[in-house]
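The numbers here are math on the coordinates, done by the rules we state, and not lab data. Remember, it's a predicted structure, so these values are computed and weren't measured experimentally. A quick note on method: Cβ atoms are made from the backbone with ideal geometry, for glycine too, and the neighbour counts reach across all protein chains shown.
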Amino acid sequence: LGLLYQEYRDKSTRQEIETRRLQDSQTDPEESSPSEETPSEAEPTSTTESKAPPQISLLRNSNSRFNLWQDLPEIRSSGVLSILQPDEIKLQEAMFELVTSEASYYKSLNLLVSHFMENERLKKILHQSEAHILFSNVLDVMAVSERFLLDLEQRVEENIVISDVCDIVYQHTVNHFSVYITYVSNQTYQERAYKQLLQDKPAFRELISQLELDPKCKGLSFSSFLILPFQRITRLKLLVQNILKKVEEKSDRETTALDAHKELETVVKACNEGVRKMSRTEQMISIQKKLEFKIKSVPIISHSRWLLKQGELQQMNGPKTSRTLRTKKLFREIYLFLFNDLLVICRQIPGDKYQVFDSAPRGLLRVEELEDQGQSLANVFILRLLENADDREASYMLKASSQSEMKRWMISLAPNRRTKFVSFTSRLVDCPQIQCVHPYVAQQPDELSLELADVLNILDKTDDGWIFGERLHDQERGWFPSSMGEEILNPKIRAQNLKECFRVHKSDDSQRRKLGSRNRQ
């Protein structure tokens, strides 16, 4: 608990990566990792029974640096480690991590408020409206975290062997965690306001730099504190998933873990949708202003529409041009805007404008990759509009700048088209997998942001270093550089990952049926 949450989280995910690396190199995935092993030599146990169980106070013992439940002096001296089964010890560790990580998170939130938000000099620099956008409802978030932590701590103090924590997670998620949706939905405005303040107010920029240098911050940036709530609510869902994987099947603890996970997933989805809604609305307005219609105008702005991909491609001139021709003059530039329900085909014109000359519903698009036709027709594919703006079928022969760009367009244009590797939701025995060892922030709408230790199924890959993947814990899909991850080579570990994933989502059969066709960006 001496660690700030940013440090705690980084240390935990790095340990998770190393554990998986070790498991991947072993022949038996059930072999224990170093972090999960029970002590080889238990400390001497007292023959005298205690009248009351030892108490472990996470808030009062704020200097504690214990990482594992089994390393606590109260646990080692109790003799309980020689009684519990290895699987139960792993479960205790998973529940204890949820509690200690919440304590670390609360400590970081407290620092955000006391060190930054309540700084008197900062209050004088910021207008009230600027402070509101920057810090949003962080006081509500901190109050919820404190109440949650106190309930968790009380449960830990009831007995040295933790009975359950997911029932507490469930109650707090249902009754209190809506504050996270409010905070995270403000993220787009928060980021913009912070950048604007750094640019427009030198006094703000200098003060923030000074505050960041304080030893309390341990070299962490102000922005790393601002994004804590979003990181925490996402991580909390993963911690519950980790507990769910370790509880006995068809038990009361499995039921409470499934309930808690389902409610957390609802909150996380609402947070994601809140962020997306803010940015998507502004993006659609910006695109609408750039389009000029040569054909019948199509209304672009809609609450249910968002951009999936945009970019330039080369179109082969002439509707019936032979594929055998080799000259580069055959191609001319066109620009595509692909939305979740609509494709708009344009040509760029002066003034950063785009003239629309064709369009089609996304559901009426088909793609076909050309066989190798030589260098000039490399990365060429056929796009068919079953019903275009003139209510007729149309075909376009399009050339991308690289193999990865061609595949990205083909998958975005026709998401139900079979990929090189089939998704785990098809229930195949095996599927290539990769774990993230470097975080990645998506640069395009069809890309997927990655966190350390994310595990993904590889659905497709290109020769120029890109992977189309599906993350196991939330089934989000997207492209990312292959250099961000390490492939999981042990088939037993891959099978175990899939089994655990199915177990986590088994409470929602309707969701499982949708997983194979989901293509959310």
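Quick look at the values:
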item: Net charge of Cβ neighbours under 12 Å - reference ILE233; Lys, Arg +1; Asp, Glu -1; result: +1
item: Long-range amide H partners of ILE488 with built H, under 5 Å; result: GLN433, ILE434, GLN435
item: Integer Hz, Karplus 6.51/-1.76/1.60 couplings in order for segment 179-190, x for Gly and Pro; result: 4, 5, 4, 4, 5, 5, 4, 7, 4, 4, 5, 4
item: Projected label distance in nm at ASP352 and LEU211, using a 7 Å step from Cα toward the beta-carbon; result: 3.3
item: 29 Å Cα-Cα threshold exceeded, pairs from LYS11/LYS277; LYS237/LYS499; LYS124/LYS289; LYS90/LYS250; result: LYS11/LYS277; LYS124/LYS289
item: Mean separation of Cα contacts under 8 Å, 6 or more apart, over the residue count of segment 99-172: relative contact order %; result: 34
item: Dipole of segment 65-285 [Lys/Arg +1, Asp/Glu -1 at C-beta], most positive-end residue of GLN187, SER224, SER279; result: SER279
item: Highest-first arrangement of 290-303, 460-473, where packing means the average Cβ count within 10 Å; result: 460-473, 290-303
item: Distant alpha-carbon pairs in segment 65-285 (separation over 28 angstrom), percent; result: 39
item: Phi to ³J(HN,Hα) by Karplus 6.51 cos²θ - 1.76 cosθ + 1.60 over segment 9-21, Hz, x for Gly, Pro; result: 5, 5, 5, 5, 5, 4, 5, 5, 4, 5, 4, 5, 4
item: Segment 433-511, relative contact order [Cα under 8 Å, separation at least 6], %; result: 28
item: 5 angstrom amide H check on ALA360, placed H, neighbours 5+ away; result: LEU343
item: Projected label distance in nm at ARG392 and THR266, using a 7 Å step from Cα toward the beta-carbon; result: 5.2
item: Förster-model FRET efficiency, 60 Å R0, ARG305 and SER82, C-beta, rounded to 0.05; result: 0.45
item: Segment 217-278, relative contact order in percent, only Cα pairs under 8 angstrom and at least six apart counted; result: 33
item: In Hz, Karplus ³J(HN,Hα) per residue of segment 488-499 (6.51, -1.76, 1.60; θ = phi - 60°; x = Gly, Pro); result: 8, 8, 6, x, 5, 5, 4, 5, 5, 4, 5, 4
item: Charge tally in the Cβ shell below 11 Å around ARG280, where Lys, Arg are +1 and Asp, Glu are -1, ARG280 excluded; result: +1
item: Rounded FRET efficiency, nearest 0.05, which uses the C-beta distance separating GLU273 from ASN159 and R0 of 41 Å; result: 0.55
item: Packing rank of 343-352, 405-414, where each peptide gets the mean count of other beta carbons within 10 Å, highest leading; result: 405-414, 343-352
